[in-house]
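The values are calculated or read from the model by the stated rules, or taken from the named source; none is laboratory data. Nothing here was measured: the structure is a model prediction, and the numbers come from that model. Here the Cβ is made from the backbone with ideal geometry for all residues, glycine too, and neighbour counts use every protein chain on show.
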Amino acid sequence: MAKLTLITSAFLALGNVVLGATCGSAGYDPAQYVCWQNQFLCPVVAGEGLSYCAGACYSKFMYQCSNNVLSVLPPATGPFQLTVSNPNLPSIHNKPITASGQRWWINGKTSSYCPEVVGAACPPGNITSIVAGSGGASMNVMVPGGQQVYLAPDWGVGYTQAHSAYIPSGSLTTGFGAYQSGGFVNLNGNGWPWVACPPTASGGGGGLWTLVAKNSTNAASLNLCTPINLKINPLPQGSAGAWQYT
Ligand SMILES: *[C@@H]1O[C@H](CO)[C@@H](O)[C@H](O)[C@H]1NC(C)=O
Ligand SMILES: *[C@@H]1O[C@H](CO)[C@@H](O)[C@H](O)[C@H]1NC(C)=O
């Protein structure tokens with residue numbers, strides 16, 4: 001996994017092209033690269049100028065650099081909310097991932113339900129709260145049996161309905177990396193990012209931007225979608241987000 005996500009900065013040497021900024025003696029386009037130590041260029045990916053660590057460019061959504069040694073961030077230990085990160089896409093930057101209709105959406109309205117009999121113990125249910133571990137993820141709910149998260153056959157994200165274990169065939173339930181103070185990464189895509197696809201004129205996505213995981217086969221068909229990171233925002237330990245998400 002590391003080899004696919006890390007990009008050596010040597011690979012990015014751009015020679016003497018002059019494009020508005022210089023890094024040492026090399027010209028570069030600041031919209032596409034960041035310069036470290038006036039010497040090393042790292043690309044901007046999903047609006048994040050990658051950081052630099054002893055010869056490698058890395059994403060702070062997955063890695064940390066300590067004493068010039070790169071390591072994967074520790075796993076997220078508690079519940080979290082996800083927000084979109086791509087400062088170049090201000091209309092959805094910092095907006096939440098929201099659960100509705102057994103799918104994850106971008107900046108929609110969280111749909112949840114709590115039986116009346118549960119009463120005062122019902123969580124507000126208005127924030128989409130997730131827990132992750134061992135490569136899998138679940139909705140952070142109280143309903144017995146829980147609600148498992150999966151990468152659906154179309155590589156959008158789905159979750160099981162309460163009281164049901166049904167997952168569409170061809171879905172993937174593992175390969176999610178959830179990193180404390182980092183991001184929620186789809187490791188099934190061999191380094192391809194999450195993308196946000198704009199609402200279509202035909203009404204696709206119900207007027208919302210949709211979340212899809214890119215891969216080598218769907219990349220071309222998603223060329224109108226923009227790479228994003230999913231940032232992990234920790235929520236208080238021990239608090240369910242909803243009785244169940246609907
Ligand atoms: C969720 O509901 C709680 C309780 O009604 C409220 O205090 C909080 O502001 C709401 N949060 C959001 C994001 O709507
Ligand atoms: C990529 O995603 C598409 C759905 O968009 C899926 O049909 C295909 O199997 C995936 N390809 C790989 C290599 O996993």
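Miscellaneous remarks
- Matching residues, the range 139-152, being free of Cβ contacts under 8 Å to residues at least 24 places away in the same chain and more than 15 Å from the chain's Cα centre (by Cα): Pro144, Gly145, Gly146
- Members of the range 223-246 found to be at pLDDT 95 or above, aliphatic (A, V, I, L, M) and not in a strand (DSSP E or B), listed by number: Leu235, Ala240
- If you go through the range 42-92 and keep only what is of a type in the set (Ser, Thr, Tyr), out of contact with any Ser or Thr (no Cβ under 8 Å at 6 or more places or on another chain) and either at positive phi or part of a strand (DSSP E or B) (or both), you end up with Ser66, Ser71, Thr83, Ser85.
- Against the numbered list (1) within 18 Å of Leu235 (Cα to Cα); (2) of a type in the set (Val, Ile, Thr); (3) at pLDDT 95 or above, Thr77 comes up short only at (3).
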